[in-house]
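Peer 1: Handing you a structure now.
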Amino acid sequence: MARLLDNKVYALLIVLFLGAFVFAAVPADASTQNRQELIIINKMNNKLAYINSQNKMYTFTISTGKTKDLTPVGEYRIVNKIINRPYYKKNIPGGVPENPLGNRWLGLDVNGTSGNTYAIHGNNNEDSIGKYVTAGCIRMKNDEIAWLFEQVENNTKVWIVDSSDSFEKIAVNDDFN
């Protein structure tokens, strides 16, 4: 009797083990796969696209570096999110109208800067939006960065490009899809 029970347990374990391989080999339905969010910043036209996990795209006009090298091209991640970040260079507190960083900061880990040097942030001069005027950061209108701030999480991928390609083509060329 004990030997028969051992054989049944052994057979059950084999079925469970093989079943795990069959289940793992079945591809997930595309509608149930976890989608990655993506931000693409195109320096060529000073536009930012946010593509959410449902593949819906939102675009915004932005400002980038005064010279091409100031806003570095590459793949980065959002590493910190700060509300009312002070402007340390001129000792301007966060949350005041004089603060050139606006009221939201999405810090980017660019070349080991830990999100303290480069960011997507608001501004106190909306007339500068759409121009090449920054020291390297990406500026947005305050109401738009406030909206984006609520949408994204830390570790969201950010691609900074200088391209004549559409956002759709850039996103397809990324491992986003």
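The values are calculated or read from the model by the stated rules, or taken from the named source; none is laboratory data. Remember, it's a predicted structure, so these values are computed and weren't measured experimentally. Positions of Cβ are generated from backbone atoms using ideal geometry, with glycine treated the same way; all protein chains shown enter the neighbour counts.
Peer 1: What strands (runs of 3 or more DSSP E) completely inside the stretch 94-177 contain at least 3 residues that are buried (at least 17 other Cβ atoms within 10 Å of the Cβ), at negative phi and touching a helix residue (DSSP H, G or I) at 6+ places or on another chain (Cβ under 9 Å)?
Peer 2: Values: elements: 104-108, 118-121, 132-134, 157-161.
Counting at least 3 such residues, we get 104-108.
Peer 1: Given the options I145, I120, I160, name the one that is closer than 18 Å to N80 by Cβ and free of Cβ contacts under 8 Å to residues at least 60 places away in the same chain.
Peer 2: Testing whether each residue is closer than 18 Å to N80 by Cβ and free of Cβ contacts under 8 Å to residues at least 60 places away in the same chain leaves just I145.
Peer 1: Just wondering, is there one or more residues in the stretch 17-25 that are of a type in the set (A, V, I, L, M, F, W, C) and at pLDDT 90 or above?
Peer 2: no
Peer 1: Counting just the residues of the stretch 48-93 that are among the hydrophobic types (A, V, I, L, M, F, W, C) and either without any contact (Cβ under 8 Å) to a residue 12 or more places away in the chain or under 20 Å from D127 (Cβ atoms) (or both), which one comes out surrounded by the most Cβ atoms within 10 Å (Cβ to Cβ)?
Peer 2: Only one residue tops the list, namely I62.
Peer 1: Determine, yes or no, whether L101 is more than 15 Å from N142 (Cβ to Cβ) and touching a Phe, Trp or Tyr at 6+ places or on another chain (Cβ under 7 Å).
Peer 2: no
Peer 1: Residue under question is T71, and the condition is that it be in a loop (DSSP other than H, G, I, E, B) and closer than 14 Å to L48 by Cβ; does it hold? Write out each step before concluding.
Peer 2: Values: in a loop (DSSP other than H, G, I, E, B): yes; closer than 14 Å to L48 by Cβ: yes.
Against the criterion (in a loop (DSSP other than H, G, I, E, B) and closer than 14 Å to L48 by Cβ), T71 qualifies.
Peer 1: If I filter the stretch 77-85 for residues that are outside any strand (DSSP E or B) and in contact with a Pro (Cβ under 7 Å, 6 or more places away or on another chain), do I get at least one hit?
Peer 2: Within the stretch 77-85 (the criterion being outside any strand (DSSP E or B) and in contact with a Pro (Cβ under 7 Å, 6 or more places away or on another chain)), the answer is no, since none of the residues qualifies.
Peer 1: Take the residues in the stretch 38-47 that are part of a loop (DSSP other than H, G, I, E, B) and in contact (Cβ under 8 Å) with a residue 40 or more places away in the chain, then tell me which one is surrounded by the fewest Cβ atoms within 10 Å (Cβ to Cβ).
Peer 2: Applying the first criterion (part of a loop (DSSP other than H, G, I, E, B)) to the stretch 38-47 yields 43-46.
Subsequent filtering for residues that are in contact (Cβ under 8 Å) with a residue 40 or more places away in the chain retains 43-44, 46.
Working: K43: 20, M44: 12, N46: 20.
Looking at residues that are part of a loop (DSSP other than H, G, I, E, B) and in contact (Cβ under 8 Å) with a residue 40 or more places away in the chain, I get M44.
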